[in-house]
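A.B. asks: First the structure, then my questions, so here it is.
The values are calculated or read from the model by the stated rules, or taken from the named source; none is laboratory data. It should be emphasised that the depicted structure is a prediction, and the values quoted were computed from it without experimental measurement. Neighbour counts are summed over all protein chains in view; Cβ atoms, including those assigned to glycine, are modelled from backbone coordinates with ideal geometry.
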Amino acid sequence: MTTIAELEARIAEIEARFDVAPLAANPPVTIGELTDVPAPGSAILSAWTQEVTRRSMHRFATIAARDAAYPAAGAGDGAICYTADFGLMWTVIAGVWVAASPGRGRVAANVVTAAQGGFGTTPAAIATAVTYTFDGNRWVEIFASVPISIGATATVGITALLVAGVGTIGSCNLQLPTNGATGYAHMRWQGKVASGSKAVTITLAGNAGTVAHAAAASAPSLLSIVDLGI
């Protein structure tokens with residue numbers, strides 16, 4: 001078996017025969033906190049790739065996948081990553097992943113242009129449900145705008161925002177000056193919702209008689225959920 005010393009001797013002989021000078025061992029270069037960046041002409045050691053990996057932007061499908069593969073304690077303060085479920089960048093501060101994306105995150109919304117009639121005094125859902133994966137540590141804004149037509153005997157249209165598993169988070173009473181009139185009910189709610197995928201819906205009812213969901217292409221209903229980035 002050929003020894004390392006014999007291999008080195010043969011390599012030296014080849015270099016001498018072809019007049020090839022051995023590569024100089026250049027000292028590493030310092031960039032930021034990295035003090036061992038390989039210089040041109042130097043070998044790349046395995047330790048260097050490990051250092052680079054710890055400082056790369058890693059991408060994950062979900063927060064759960066990130067926490068399983070790249071926990072904050074192991075990543076260290078200053079580490080960054082991206083999760084597709086919220087469309088946000090994150091950084092580790094004081095040993096905890098914190099949202100680092102400027103402004104707002106992903107928006108979920110539904111627009112309805114089809115009218116629906118026959119809403120009586122028992123609240124019933126209108127077709128504006130939005131399913132959203134909430135992060136219980138983050139604030140969201142839920143906004144609803146609903147066109148309502150008051151029936152012949154009703155004077156008030158009553159709407160409410162419902163979150164599955166949570167219940168009513170907001171409500172609005174729309175009182176119009178005359179029976180048969182149409183107007184918009186608006187609701188805006190901000191806060192935290194327990195983590196998980198939940199359906200958000202709007203219900204509609206009248207105080208007496210019937211009211212209608214008066215949506216149309218020129219006057220649609222809107223339900224939106226926005227991550228506020230805090």
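A.B. asks: Please find, within segment 11-25, the residue that is nearest to L88 (Cα to Cα) out of those that are at pLDDT 70 or above and surrounded by 11 or more Cβ atoms within 10 Å (Cβ to Cβ).
C.D. replies: I11
A.B. asks: Filter segment 158-176 down to the residues that are in contact (Cβ under 8 Å) with a residue 12 or more places away in the chain, closer than 17 Å to G196 by Cβ and out of contact with any Lys or Arg (no Cβ under 8 Å at 6 or more places or on another chain) and list them by number.
C.D. replies: L162, I169
A.B. asks: A further question on this structure: Quick check on my filter: what residues within segment 133-157 are within 11 Å of G206 (Cβ to Cβ) and either of a type in the set (S, T, Y) or modelled with pLDDT of 90 or more (or both)?
C.D. replies: I148, S149, T153, T155
Rundown of residues vs (1) of a type outside the set (F, W, Y); (2) touching a Ser or Thr at 6+ places or on another chain (Cβ under 9 Å), yes/no style:
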| position | (1), (2) |
| --- | --- |
| W139 | no, no |
| F143 | no, yes |
| I148 | yes, yes |
| G183 | yes, yes |
| K192 | yes, no |
| T203 | yes, yes |
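A.B. asks: List the pairs whose first member sits in segment 89-103 and is of a type in the set (S, T, N, Q) and modelled with pLDDT of 75 or more, whose second member is surrounded by fewer than 19 Cβ atoms within 10 Å (Cβ to Cβ) and outside any strand (DSSP E or B), and whose Cβ atoms are under 6 Å apart, counting only residues at least 6 apart or on separate chains?
C.D. replies: That search, which allows pairs on different chains as well, returns T91/A100.
A.B. asks: When the residues of segment 110-131 are narrowed to those that are assigned to a loop (DSSP other than H, G, I, E, B) and of a type outside the set (S, T, Y), which ends up farthest from S197 (Cα to Cα)?
C.D. replies: Per the criteria, the residue is G120.
A.B. asks: For residues in segment 197-230 being in contact with an Asp or Glu (Cβ under 9 Å, 6 or more places away or on another chain) and part of a strand (DSSP E or B), which is modelled with the lowest pLDDT?
C.D. replies: D227
A.B. asks: Could I ask something else about it? Among (1) in a helix (DSSP H, G or I); (2) modelled with pLDDT of 80 or more, there is one condition Q50 misses while meeting the rest; what is its number?
C.D. replies: Here Q50 meets the rest and fails (2).
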